[in-house]
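We did not get these values from a lab; they are worked out from the coordinates using the rules stated. From a predicted model like this one, the values you see are computed outputs, not experimental measurements. Note that we place each Cβ from the backbone using ideal geometry, even for glycine, and neighbour counts take in every protein chain shown.
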Amino acid sequence: MIEFHDVWKSYTLKGSKKAIVRGLTMKFPMNGNVAIIGRNGAGKSTLLNMIAGTLEPDSGEIVRYGRTSWPMGFSGGFHKELTGRQNARFVARIYGASTDAIEAYVEDFAELGPFLDMPVRTYSSGMKARLAFGVSLATEFDLYLVDEITGVGDARFKRKCRAAFEVRAENAQIIMVSHSVGTLRTYCNSALLLEKGTCTYFDDLEEALELYETMMED
């Protein structure tokens, strides 16, 4: 479960402040999967990164219960000078998982071949995403955060990513950002709507999507 206690976050753009969240206090449900929806630039990815702990709020507190993933496919936490293999083992140690098991899973899943033993700074964006997705799926979390990532690479690898993710999702909660309504309907049953710094929670995903579609028509 995720709790927000008077959380504020904003950015300064061209001399003016843009609010992402203003004084957000709420508890995410312990059961069910939540879609984060809102206009482009509303701050959906920012909110997801704050939940993950990869981005700090300006003020307030976010409390996480259970093991929370970083956003799927997020590679910003990798050390560029370490190899992919070393990064995988480092993440395993952080989460108290078996380093050998995580390394073996990533080596098999990411399909990076000899690049797994090369520094991450030499990777293409696609290779970094493969490594990040492999590390995410190698570790069992109570809550998975997903930001428009359902797989990378060719069609075969995308199917492999989706299948592996669905196995993990059977025993975990999901908070997801996606522009695909179909994807949100597949994985989520509730929603958090972001609009001009205000967050509104809906128990019913369809109710939230209906309101969002009406907003987009204005």
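Suppose only helical runs count, i.e. DSSP H with n ≥ 4. What mean residue ellipticity at 222 nm does that imply for the chain under -39500 (n - 2.57) per run, divided by all residues and rounded to the nearest 500 deg cm²/dmol? Present the calculation step by step, with values, prior to reporting the outcome.
Values: 7 runs with 81 residues, N = 218.
Using -39500 (n - 2.57) per qualifying helix, the result is -11500 deg cm²/dmol.
Which of the residue pairs Lys17/Lys80; Lys27/Lys196; Lys18/Lys158 have a Cα-Cα distance greater than 27 Å in the structure shown? Could the numbers behind the result be given before it?
Working: Lys17/Lys80 32 Å; Lys27/Lys196 20 Å; Lys18/Lys158 35 Å.
Table pairs above 27 Å Cα-Cα are Lys17/Lys80; Lys18/Lys158.
Ranking His179, His5 by Cβ neighbours within 10 Å, fewest first, what do you get?
Numbers: His179 10, His5 15.
Fewest-to-most Cβ neighbours within 10 Å comes out as His179, His5.
In terms of modelled amide H atoms, which long-range or inter-chain residues lie less than 5 Å from the amide H of Arg67?
Close amide H contacts, sequence-distant or interchain: Asp142, Leu143.
If we count every other residue with Cβ under 13 angstrom of Asp204's Cβ, Lys/Arg +1 and Asp/Glu -1, where does the sum land? Write out the running numbers ahead of the final one.
Values: positive: Arg185; negative: Asp203, Glu206, Glu207, Glu210.
Summing Lys and Arg as +1 and Asp and Glu as -1 gives -3.
What residues from region 200-218 fall in the zone where the backbone N is under 11 Å from a label point 7 Å along the Cα-to-C-beta line of Ala19?
Answer for this model: none.
How high is the FRET efficiency between Glu213 and Glu148 when r is their beta carbon distance and R₀ equals 25 Å, given to the nearest 0.05?
Numbers: r = 19 Å, r/R0 = 0.77.
E between Glu213 and Glu148, to the nearest 0.05, is 0.85.
Across region 186-192, in residue order, what do the Karplus-derived ³J(HN,Hα) couplings come to in whole Hz, using 6.51 cos²θ - 1.76 cosθ + 1.60 with θ = phi - 60° and x for Gly and Pro?
3J(HN,Hα) across region 186-192, in whole Hz: 5, 10, 10, 10, 9, 8, 10.
With Cα extents along the principal axes in Å defined as stated, name the option among [x] 84, 34, 29; [y] 51, 41, 32; [z] 51, 36, 32 computed from the structure displayed.
[z]
Would you mind checking region 103-141 for residues with the amide N under 14 Å from a putative spin-label position 7 Å along Cα→C-beta of His79?
From region 103-141, the list is 119-121.
Where a ≥ b ≥ c are the square roots of the eigenvalues of the C-alpha gyration tensor, would you call region 48-106 rounded, which needs a/c under 1.5, or, failing that, prolate if a/b is larger than b/c, or oblate? Write out the running numbers ahead of the final one.
Values: a/c = 2.75, a/b = 1.75, b/c = 1.57.
The shape class here is prolate.
Please identify, among Val167, Val146, Val120, the residue showing maximal mean-square fluctuation in a Gaussian network model of the chain using a 10 angstrom Cα cutoff.
Its mean-square fluctuation being the largest, the pick is Val167.
How large is the charge dipole for region 89-218, taken about the Cα centre, if only the Cβ atoms of Lys, Arg (+1) and Asp, Glu (-1) carry charge, to the nearest 20 debye? Show your work: numbers first, answer last.
Numbers: 13 positive and 22 negative charges, 166 e Å.
In total the dipole reaches around 800 debye.
State the Cα centre-to-centre distance between region 31-110 and region 196-218 in whole Å.
Measuring centre to centre over Cα atoms gives 26 Å.
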